[in-house]
Structure formats: C-alpha cells, structure tokens
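**Student:** Structure below; questions to follow.
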Amino acid sequence: MRIQLALAAILLTTPVQAASQPAVLLRGGHVLVGDGTELPTGDVLLREGKVAAVGAHLDAPAGAKVVELHGRYVTPGVIDTHSHLGVYPTPALDATADGNEMTDPTTPGVRTEHAIWPHDPGFLRALAGGVTSCQILPGSGNLIGGGSVVVHTRPRRTVEEMKLVGAPTGMKMAWGQNPKGVYGGKGRMPSTRMGEMYVDRGLFLKAVAFRKKLEAYDKDKKGDPPDRDLELETLAQVLDGKILVHCHCYRGDEMMQVLSLAREMGFKIRTFEHAIEAYKVRDKLAAEGVGISTWADWWGFKIESYDAIRANIALCTEAGMHVALHSDSENGIQRLNQEAGKAIAAGRKLGIEIPEKQAIRWLTSEPAWALGIEDKVGKLVPGLNADVAVWDRSPFSVYARATQVYEDGDLVYDREDPAFQPVSDFELGHPTGRPSQRSLPPVLPRFIP
C-alpha cells in the first residue's frame, strides 16, 4: 500500500507532455457546458490537453479511451477565486502561516507565489471536490496585501509547475474592520476607515507619479530611468490594468467608497471579495461592470457581516452581475458545489428561478472571468483547456461527489481507482495517510476572513 501511495504521489508531481496523451471520450453524460447551455445526453472529447468537441454521439478517435458515464454529470472543473491554500496550509501552524505580511499596511510588492507550500494536503482535498484551479490570495490584514497567483490544485514539486499558464496576477486589497483593527491595535494608522482611505490615496498618488516618470523615460529614453521600486512598479501595473484588483469588502456603502478611489486614481476593480451587502448596491455594481466573489450563507461572524442575506447571489445574478462562489476556507473548497445548491434554493424562495445550466457558471465561467482566464478554462467548448469534473449526480445535490477529475486532459483523480487518489508528500509515511493531530504542536488561530 505504501508503494502504491508513493507511485500516486510521483504521478501527480511529474510533468506530463500533453502531446503524448491519448484522447479521452466522455460518453453519455449530462453535460453542463458552463456558458448557460446543457446537453441532457452528450459526449465530451478531450485531446492533447484541450476540449476537442462537445456534442451528441461523437465518434471516438483511433486509440482513444472511452469512458461510459451512463448519465453522470459532466462540468468544467470548479474554479475557486478566493483561497489561501498553501499560504495558510494544513496543519495550521505558526511555522507555515505565510498569508499576511502584517508589518506595514501596504505591501503591494509581495506575492503569494513566493510563499505557497505545494505539498499542502488541502490541494488534494479540493481536487477531490472537483476543484481544478484556484486563486491563492494574501490575507486581509493589510489595505494592500500583495499579488495573487492562479494555480492548479493538482500538486507539483514547485509552485512554478502548479501555475495556470497565462493567468494574470491579481492584487489583493482590503477595506473595513480587518486592516483598521490590525494597525489600530498597533497604535498606528489606519485605525479608522478615514485612515484607510488616506493611506490608500497617498500610496496611489505616488504610483501615479511613478508611472508618469516611467512613461516619460520609455518615450524619450533620456537620462536615467526611475530607480527600481517594487511597490510602485506593481501599482503602476495595476493602473495599466495588467494586474486585476480583488478587494475584500463587506458593506455596500464601502464598495462605493472603493470605487470612488478607483475612479480618482484611474484603475479598475475586477471583483469585490465576500461582498456580503452587494445586494444593496447591485444596480450600481452591475453598471460599473464589477463582479463579486462571495459565499452562499456565511453570516454574523463580525459586525460588518451582520447584514448578509442568503439570496445575495441570486439577486446579484438577476441584476446581470458577474457572480462567483468562493470558499476562503480549506474546508469549504471541498464542497463548493453544495454552496451553489444553497444559492439556488435561496433564490427560489424569492421567486428567482436559476436553472442548473446557469448556476454552474457561479463555479466555472464566472470565476474564470473574475481571474481573467476565461479564454483558457471555465467552459466545455473546443479550444479551452480540458479541465473537467465528472459527478455521480447533479453537482447541486448535497449527496453529489466528484467521481473523476481531469486537468489539461489528464485523469488526476478517480474516486473508484485507488491509483488516482493521490496523497501529498507531507502525508506519506503516516499510518492513516494523515498525520496524527496528537503528534502536532498546537495550531495557530486563523486570521478572521
């Protein structure tokens, strides 16, 4: 058994050449495409790491592996827009907590990719839940927490190998209780929301001036270029739209404050994270083209989350907004499909009927848009990466389980085949495949979301 687990780990951490992959035909499934359409009985052909065709009664190419689904559901791989796997890994210890550089309220120059632990067992738990990729963000202790990275949940030896190729960098910003609580507790600014706006405006004004110097030098090539400054260089890319801004923000009125800052400085907010009160300003957010990443029903764990309602997702979807479900949790990421089921039910209670073929977008194509990777993943359409989840029933059922998961056309998880139920390197050698909690030091409390 130990040898089998080791072989599974090697399989999941060894690079694969896409050109050598046999084609895979997933035949006879209920296909939720991710673009608002579905095939009650359809086939999906995966070839050379891409979705090659989707339709009824597709022919299997020579040498293809045919997987008979008998009505099981097929969806794009689930994408989690807000995760801290790898930077707040399991086990949660002081030695492994690397998600918040809380030594200064603004740290745009740091990046999570420099701190992710690839062997976090949480990645494999997420994979078993149908999640094929996720954005790893810094925490929300700072006003500007640093750069994010989009990775596959299939673990590799290095973060560089885990990256989803071509995904843009994100910038984590935060507003409200967390930053003012952290730095107010240290007796320094910001200790109020007034101070938060002041600090943000001051740094962005410096970034605007730095960007003008860069543009002037690039145009004339006279004199010396501006001195290197990792913080201002990063924010200059934010101003240019090359880095997508994801802002932790709960209250509707505060979302409007952040948008006013963005308009003043000339950058865009891609998504508001958590966005508990987005329903209050959904018309304004829709008009701005701003998306949200949120939970189905998290509520009441601090005062700025007090006014949450379960129909937030349905109401914002009805308003025409970009809406993605996120986890912000090493546990929740394993059951994002169930969170979507909750959101469907909450909308139904208000008379907002969102069919499965639309609701799957909260987990696939909408997160892909939020992360700027909609041309790569999030839909089962020809030419996109073959990141696919197969479910034993409707993924919105509380009983649903992912039975097979493919990444770039590779079978990386199979609930019915122990050879494709990988164990992380960290867990190898433990009798149960998991370290005994009794053998570990006391855990470090997580930072409030």
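The numbers here are math on the coordinates, done by the rules we state, and not lab data. Computed from a predicted structure; not experimentally measured. When we count neighbours, we look across all protein chains shown, and the Cβ atoms used for this are built from the backbone with ideal geometry, even at glycine.
**Student:** Could you give the length gained on full extension between residue 415 and residue 268, defined as 0.36 nm per residue of separation minus the Cα-Cα distance, in nm? Spell out each step's value before the answer.
**Tutor:** Numbers: separation 147, 0.36 × 147 = 52.92 nm, distance 4.16 nm.
That pair, residue 415 and residue 268, stretches by 48.8 nm at full extension.
**Student:** Let me ask something else. About its Cα centre, what dipole magnitude does the chain give when the only charges are +1 on Lys and Arg Cβ and -1 on Asp and Glu Cβ, stated in debye to the nearest 20?
**Tutor:** 500 debye
**Student:** Evaluate E = 1/(1 + (r/R0)^6) for residue 430 and residue 160, where r is the Cβ-Cβ distance and R0 equals 35 Å; express this FRET efficiency to the nearest 0.05. Numbers along the way, then the final one.
**Tutor:** Values: r = 28 Å, r/R0 = 0.79.
E between residue 430 and residue 160, to the nearest 0.05, is 0.80.
**Student:** Suppose R0 equals 35 Å. What FRET efficiency, 1/(1 + (r/R0)^6) with r the Cβ-Cβ distance, do residue 212 and residue 186 give to the nearest 0.05?
**Tutor:** Details: r = 33 Å, r/R0 = 0.95.
Given R0 = 35 Å and the Cβ-Cβ separation, E is 0.60.
**Student:** While we're looking at this one, here's another question. Would you mind getting me the FRET efficiency between residue 397 and residue 103? Use the beta-carbon distance for r and R0 = 45 Å, nearest 0.05.
**Tutor:** Values: r = 46 Å, r/R0 = 1.01.
According to the calculation, E is roughly 0.50.
**Student:** Same structure again: Over the chain, with a single point scatterer placed on each C-alpha, what log10 of the ratio I(q)/I(0) does the Debye formula yield at q = 0.06, 0.13 1/Å?
**Tutor:** Listed by q, the Debye log ratios stand at -0.26, -1.17.
**Student:** What would the Debye equation give as log₁₀ I(q)/I(0) for region 281-338 at q = 0.30 Å⁻¹, counting only Cα atoms as equal point scatterers?
**Tutor:** -1.21
**Student:** Here is a further query. Please tell me which of these pairs span more than 27 angstrom C-alpha to C-alpha: 172/302; 172/284; 65/376; 213/376; 163/222?
**Tutor:** 213/376; 163/222
**Student:** Once you wrap a convex hull around the alpha carbon atoms of region 41-131, what is its projected area averaged over all directions, in nm²?
**Tutor:** Averaged projected area of region 41-131's Cα convex hull equals 9.1 nm².
**Student:** Remind me, relative contact order of region 78-377 in percent, using alpha carbon pairs under 8 angstrom and six or more residues apart?
**Tutor:** On the way: 628 pairs, mean separation 52.5, N = 300.
For region 78-377, the relative contact order is 18 percent.
**Student:** How large is log10 of I(q)/I(0) for region 213-254 at q = 0.17, 0.24 Å⁻¹ when the intensity is taken from the Debye formula with one equal scatterer per alpha-carbon?
**Tutor:** -0.61, -0.89
**Student:** Further question on the same structure: Could you work out the percent of alpha carbon pairs in region 85-168 separated by over 16 Å, rounded to a whole number?
**Tutor:** More than 16 Å apart: 50 percent of the Cα pairs in region 85-168.
**Student:** On to the next question. For the chain, give the share of DSSP beta bridges that are antiparallel, in percent and rounded to the nearest 5; count only bridges with both residues there. All intermediate terms of the calculation are to be shown ahead of the outcome.
**Tutor:** Numbers: 33 of 61 bridges.
Taking every DSSP beta bridge with both residues in the chain, the antiparallel ones total about 55 percent.
**Student:** Now for a different question. Computed over the Cα atoms of region 132-197, what is the ratio Rg over Rh, Rh following Kirkwood?
**Tutor:** 1.16
**Student:** Take the chain, mark every one of the trypsin sites (Lys or Arg not before Pro) that falls in a DSSP loop and has at most 16 other Cβ within 10 Å, then report the longest stretch left between them, sites excluded.
**Tutor:** Maximal segment without exposed cleavage sites: 1-156.
**Student:** With the dipole of the chain worked out from charges on the C-beta (+1 for Lys and Arg, -1 for Asp and Glu) around the Cα centre, which of 130, 347, 24 lies farthest toward the positive end?
**Tutor:** The residue sitting most towards the positive pole is 347.
**Student:** Next up: For region 333-393, what is the convex hull volume of the alpha-carbon atoms per residue, in Å³?
**Tutor:** On the way: hull volume 6.3 nm³, N = 61.
In region 333-393, the Cα hull volume divided by residue count equals 103 Å³.
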